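Novice: Quick one: structure below, then a few questions.
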Amino acid sequence: MNWSLFFDLTVSGLTLGSLYALIALGYSMVYGILKLLNFAHGDVYMIGAFLGWFALHGLGGPVNPDFAGAAVLVVMFITAMLGCGVLGVAIERFAYRPLRNAPRIAPLISALGVSIFLQNSALLVFGASFRDYNTFSLIGVKVYHVGNLFFSVPQLLTVVSAICLMIALTVFVARSRLGKAMRSTAYDREAASMMGIDVDRVISVTFFIGSALAGAAGVMFGLVFGQIFHFMGFLAGLKGFTAAVIGGIGSLPGAMIGGLVVGLAESYATGYLPQGSTFQNLYVFALLILVILIRPSGLLGKAVVQKA
Amino acid sequence: MTLEGGSGQMPAPVEGPRIGVDEWVAQVEGKRERYTGVRGVIEREFDRLPPAARVLVFAIPAALFPLVTTEGNVFRYGLFTLVYALLAIGLNVVVGFAGLLDLGYIAFFGFGAYFYGILASPQFNNHWQAEAAIPVVIIATAFLGLLVGLPSRRLLGDYLAIATLFFGQAFVVFVNNANRINFPFAGHVDLTGGSNGLAGIDPFNFFGYKVQGTRPLYYFLLISISLVLILLFFVNDSRTGRAWRALREDPLAAEVMSIPVNRLKLLAFVFGAGVAGFTGAIYGTLATAALPGDYDVGLLITIYAIMILGGFGSMMGIVVGAIVVSSVPELLRASANARPLFYGAIALAILVKLRPWRRLGLEVAALIGFGFAVHAIAAAAYPRLVHGSAIGSDFFARALDHWMLFPQNTKNIVDVAYIILIAAIVVFRQLGQLWRTVLLPPLLYLLMFVWENLLLVQINGATRLILLGALLVALMNARPQGLFGKAYVEIV
């Protein structure tokens, strides 16, 4: 066994996995409350990556920024998260709220429409070419290692900040008043509104948080892989949803674990399975089908008894 | 009949025996909305026709179409409309009848094209007769549908959407790279030609008669659609069709009524896959090639747009939807056509939405005045903003030059205006009546500015899909049941 290859794959799998986990959280939260598949979520992530890029270039670019590297990074993350959060709330207001009592398929189609709209608007405004983050001079190219585990700085940054965001989210949902309202809304929307919970506001907050996490993931993608483009949201959204389903949709720890599972699976498939670098997505798809066959409710999901 | 108001008046007597029967239930066997007036008369007469005759309503004009126009028009508008219509009819069984959101549908279409290509092209030197190849393709695609659909028995509603979306994506990846696969026993086999696709697919060859050229293919497609439509009209009224609709309305209630839900779902899925495979084979001969790029998400969205426009479950609506969706983008290709279409749509929306007439006139006058004012200020302060000119050389374009801003070499201004426009529309919807009245002219002006300077310039690029996406959202907002679909009246 080639251990150094294994560790390399593990590290890149963890990095990818934390991105997927952040995206999956948004899917899972929205699905938990609205039972809606938010197809536009992947495109929100793409917009986040572009907002980060604009923040970076607004502050003088990666080569000689106006401020210290860390400050620039913080501004990038905040811009992307706030921008995406507002975008998510706007999407919900505009495309989903009017359809809350419509047949189930109507909001799904509306979500598909938002997704096409965002993707092609990005193509129209940002152009079809790739944009470089080029942040290596900004945050350094130093590689740390623990034994055989080699981490580059962006990878370390991604994993650590993703974990921080997830802890913050978990604490928020578990401890705060609003988090409690979110949990009860997810449990039973009608009963929650009868208990005096402003359901519309809770849904807006959910969209804000989910989209902000996706925006952060977009910036992280740019930092790790260096290049962003208008179509990046489609596949990432697909993987994020796969992660949410594998972990058990509606469950937040499930989304995190599902993200890591998908990231690691993709990374190992690239390294070990025949023609893995070409067919990695096929292998992830096979994993999805397998999990659905064995545990339809996902790894951490509970089987739901269908009510009328 | 209503008893509200308490004005003391007796409600008007209703004709016929209605005592003890809910009004809606008495009127229709389903829970469907009924139209009144001319539309209602047409609808009722249409419903009374036998299924075969209903197909003729669409088939006769379609059959006459190639006789009155050129070969190029038949190819550009006719063939693609029919291919889209047949695809949408198959999808309608899955989505409209059974209520399954199948987002991998295009993969079955692609599989049909590739499989027919394998059976009848120089790739493996197979040259099957069409009467053998078409049934084999249909059965193989239906079988693939069965394989994909089997896990869907476990998938409740939305999970199916993502699994099939992923399947569609996996299909594209597979055909793009299948030329590099080494099989365990057979060794290296180039199944799909990779990114170059399968070239030189044979025309259909029925017992020696070749369906070749635009017009024969057109009529072949027309006959196929008519047959599928007639088949579906019968299926619709059969036990299975009724069970499908029951399933779509309420799966739980259907199951309680001892309808075998899973088997019926699978049946609808397989049926849709078979139709898609058949269409794929036709498309393969039409394009004489199977290319991986043809079976991407773009086509999926087009087909969904057709089905939604037509209304879920309404088969004749789908034919109308196919005509609209396949010909509008073709018409939009030329900016000379695109401009009247766009302004026509806006004018129509304003006409419908703005009442009374006084308000409409006031808003339009305000818009015109606003435009001249902005133009005059910009010309005085920033001449750079008016140096460009409108696309086209007709009277309208020249008139626009004196009214609309056309910045020169300032892509950034236009991009920012686009983003501001989107934000403005979102905010506009949240405003009260007074603010809407005041802010409508500037908003329209901004919309026209973005249209003239950005969307019209990119009309062959992103614009058409942007308009399609916006249309889907707007349509779902306005009529969740689709343009020609019927609203289901809830009886609680």
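Novice: Could you tell me whether the stretch A:229-240 includes any residue that is open to solvent by 20 Å² or more (accessible area, probe 1.4 Å), aromatic (Phe, Trp, Tyr) and without any contact (Cβ under 8 Å) to a residue 12 or more places away in the chain?
Specialist: From the stretch A:229-240, those open to solvent by 20 Å² or more (accessible area, probe 1.4 Å) are A:229-231, A:234-235; that's our starting set.
Remaining after also requiring aromatic (Phe, Trp, Tyr): A:229, A:231, A:234.
Within this subset, residues satisfying the condition of being without any contact (Cβ under 8 Å) to a residue 12 or more places away in the chain are none.
For the stretch A:229-240, residues open to solvent by 20 Å² or more (accessible area, probe 1.4 Å), aromatic (Phe, Trp, Tyr) and without any contact (Cβ under 8 Å) to a residue 12 or more places away in the chain: absent.
Novice: Name the single residue, out of those in the stretch A:63-114 being among the charged types (D, E, K, R) and under 24 Å from A:Leu238 (Cβ atoms), that is most open to solvent (accessible area, probe 1.4 Å).
Specialist: Here is the first cut: in the stretch A:63-114, the residues among the charged types (D, E, K, R) are A:66, A:92-93, A:97, A:100, A:104.
Filter again for under 24 Å from A:Leu238 (Cβ atoms), leaving A:92, A:104.
On the way: A:Glu92: 0, A:Arg104: 143 Å².
Looking at the filtered set, the residue picked out is A:Arg104.
Novice: Further question on the same structure: Residues in the stretch A:166-183 that are part of a helix (DSSP H, G or I) and open to solvent by less than 40 Å² (accessible area, probe 1.4 Å): how many?
Specialist: Number satisfying all stated conditions: 6.
Novice: Residues in the stretch A:125-163 that are loosely packed, with under 13 Cβ neighbours inside 10 Å, of a type in the set (Phe, Trp, Tyr) and within 30 Å of B:Ile413 (Cβ to Cβ): how many?
Specialist: Adding up the residues that qualify gives 1.
Novice: What number of residues within the stretch A:115-124 are open to solvent by less than 10 Å² (accessible area, probe 1.4 Å) and more than 7 Å from chain B (Cβ to nearest Cβ)?
Specialist: Counting residues in the stretch A:115-124 that are open to solvent by less than 10 Å² (accessible area, probe 1.4 Å) and more than 7 Å from chain B (Cβ to nearest Cβ) gives 1.
For (1) buried (at least 16 other Cβ atoms within 10 Å of the Cβ); (2) of a type in the set (Asp, Glu); (3) out of contact with any Leu (no Cβ under 7 Å at 6 or more places or on another chain), each residue gets a yes or a no:
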{"position": "B:Arg333", "(1), (2), (3)": "no, no, yes"}
{"position": "B:Asn337", "(1), (2), (3)": "no, no, no"}
{"position": "B:Pro340", "(1), (2), (3)": "no, no, yes"}
{"position": "B:Tyr343", "(1), (2), (3)": "no, no, yes"}
{"position": "B:Arg358", "(1), (2), (3)": "no, no, yes"}
{"position": "B:Gly361", "(1), (2), (3)": "no, no, yes"}
{"position": "B:Ala366", "(1), (2), (3)": "yes, no, yes"}
{"position": "B:Gly371", "(1), (2), (3)": "yes, no, yes"}
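Novice: Now for a separate question. Can you tell me which condition A:Phe221 does not meet? The list is (1) over 14 Å from the mean Cα position of the chain (by Cα); (2) in contact (Cβ under 8 Å) with a residue 24 or more places away in the chain; (3) under 20 Å from A:Cys84 (Cα atoms), and all the others hold.
Specialist: A:Phe221 satisfies all of (1) over 14 Å from the mean Cα position of the chain (by Cα); (2) in contact (Cβ under 8 Å) with a residue 24 or more places away in the chain; (3) under 20 Å from A:Cys84 (Cα atoms) except (1).
Novice: Pairs under 9 Å by beta carbon, first residue closer than 19 Å to A:Gly222 by Cβ in the stretch A:130-153, partner open to solvent by 90 Å² or more (accessible area, probe 1.4 Å) and assigned to a strand (DSSP E or B), six or more apart or different chains?
Specialist: Within 9 Å, the pairs are A:Phe151/A:Tyr144; A:Phe151/A:His145; A:Ser152/A:Tyr144; A:Val153/A:Tyr144.
Novice: Let me ask you something else. Yes or no: B:Ala347 away from chain A (no Cβ under 14 Å), open to solvent by 30 Å² or more (accessible area, probe 1.4 Å) and within 30 Å of B:Leu299 (Cα to Cα)?
Specialist: In short, yes.
Novice: Taking helices (runs of 4 or more DSSP H) that do not extend beyond the stretch B:69-157, which have at least 3 residues that are open to solvent by 20 Å² or more (accessible area, probe 1.4 Å), more than 14 Å from every other protein chain (Cβ to nearest Cβ) and without any contact (Cβ under 8 Å) to a residue 24 or more places away in the chain?
Specialist: Output list reads B:130-152.
Novice: Quick one: which residue in B:Asp394, B:Asp401 is more than 12 Å from every other protein chain (Cβ to nearest Cβ) and in contact (Cβ under 8 Å) with a residue 40 or more places away in the chain?
Specialist: One residue alone meets the criteria, B:Asp394.
Novice: Also: Kindly indicate whether any position in the stretch A:214-224 is at pLDDT below 90 and open to solvent by 10 Å² or more (accessible area, probe 1.4 Å).
Specialist: Scanning the stretch A:214-224 turns up at least one residue that is at pLDDT below 90 and open to solvent by 10 Å² or more (accessible area, probe 1.4 Å).
Novice: I'd like the full set of residues that are of a type outside the set (Lys, Arg), open to solvent by 80 Å² or more (accessible area, probe 1.4 Å) and either over 29 Å from the mean Cα position of the chain (by Cα) or more than 10 Å from chain A (Cβ to nearest Cβ) (or both), limited to the stretch B:431-459.
Specialist: The first filter runs over the stretch B:431-459 and keeps only residues of a type outside the set (Lys, Arg), leaving B:431-435, B:437-459.
Pick out the ones that are also open to solvent by 80 Å² or more (accessible area, probe 1.4 Å) and you get B:433-435, B:438, B:457.
Of everything in the stretch B:431-459, those that are of a type outside the set (Lys, Arg), open to solvent by 80 Å² or more (accessible area, probe 1.4 Å) and either over 29 Å from the mean Cα position of the chain (by Cα) or more than 10 Å from chain A (Cβ to nearest Cβ) (or both) turn out to be B:Gln433, B:Leu434, B:Trp435, B:Val438.
Novice: List the residue pairs whose Cβ atoms are under 7 Å apart, where the first residue sits in the stretch A:34-48 and is at negative phi, the second is part of a loop (DSSP other than H, G, I, E, B) and crowded, with 24+ Cβ neighbours inside 10 Å, and the two are 6 or more positions apart or on different chains.
Specialist: Cβ pairs passing all conditions: A:Met46/A:His230.
Novice: Further question on the same structure: Which members of the stretch A:109-137 meet the condition of being over 19 Å from the mean Cα position of the chain (by Cα), part of a helix (DSSP H, G or I) and not β-branched (Val, Ile, Thr)?
Specialist: Once the filter is applied, which keeps residues that are over 19 Å from the mean Cα position of the chain (by Cα), part of a helix (DSSP H, G or I) and not β-branched (Val, Ile, Thr), the stretch A:109-137 yields A:Ser110, A:Gly113, A:Phe117, A:Asn120, A:Ser121, A:Leu123, A:Leu124, A:Phe126, A:Phe136, A:Ser137.
Novice: Counting only residues that are touching a helix residue (DSSP H, G or I) at 6+ places or on another chain (Cβ under 7 Å) and part of a loop (DSSP other than H, G, I, E, B), which one in the stretch A:211-263 is farthest from the other protein chains (Cβ to nearest Cβ)?
Specialist: Applying the filter and picking the extreme gives A:Ser251.
Novice: All but one of (1) closer than 19 Å to A:Leu169 by Cβ; (2) open to solvent by 20 Å² or more (accessible area, probe 1.4 Å); (3) of a type in the set (S, T, N, Q) hold for A:Asn2; state the number of the condition that does not hold.
Specialist: (1)
Novice: Kindly provide the set of residues from the stretch B:464-482 that are at the interface with another protein chain (Cβ under 7 Å from one of its Cβ atoms) and in a helix (DSSP H, G or I), ordered by number.
Specialist: B:Leu465, B:Ile466, B:Leu468, B:Gly469, B:Ala470, B:Leu472, B:Val473, B:Met476, B:Asn477 - these are the residues of the stretch B:464-482 that are at the interface with another protein chain (Cβ under 7 Å from one of its Cβ atoms) and in a helix (DSSP H, G or I).
Novice: Out of curiosity, is B:Phe406 more than 27 Å from A:Val89 (Cβ to Cβ), under 35 Å from the mean Cα position of the chain (by Cα), open to solvent by less than 40 Å² (accessible area, probe 1.4 Å) and at pLDDT below 85?
Specialist: Considered against the rule, which asks whether it is more than 27 Å from A:Val89 (Cβ to Cβ), under 35 Å from the mean Cα position of the chain (by Cα), open to solvent by less than 40 Å² (accessible area, probe 1.4 Å) and at pLDDT below 85, B:Phe406 comes out as yes.
Novice: Moving on to the next point. Only one of (1) more than 11 Å from chain B (Cβ to nearest Cβ); (2) modelled with pLDDT under 75; (3) open to solvent by 80 Å² or more (accessible area, probe 1.4 Å) fails for A:Gly276. Which number is that?
Specialist: Tallying (1) more than 11 Å from chain B (Cβ to nearest Cβ); (2) modelled with pLDDT under 75; (3) open to solvent by 80 Å² or more (accessible area, probe 1.4 Å), A:Gly276 fails exactly one: (3).
Novice: Could you check the stretch B:379-409 and list, in sequence order, the residues that are more than 18 Å from B:Gln458 (Cβ to Cβ) and β-branched (Val, Ile, Thr)?
Specialist: The answer is B:Val386, and nothing else.
Novice: Being part of a helix (DSSP H, G or I) and touching a residue at least 12 places away in the same chain (Cβ under 8 Å) is the requirement here; does B:Val41 meet it?
Specialist: Criteria not met by B:Val41.
The values are calculated or read from the model by the stated rules, or taken from the named source; none is laboratory data. A quick note: this is a predicted structure, and the numbers were derived from the prediction, not measured. Cβ: placed from backbone, ideal geometry, glycine included. Neighbour counts: every protein chain shown. With ligands, DNA and RNA removed, areas are computed over all heavy atoms of the protein, side chains included. Shrake-Rupley method; radii C 1.70, N 1.55, O 1.52, S 1.80 Å.
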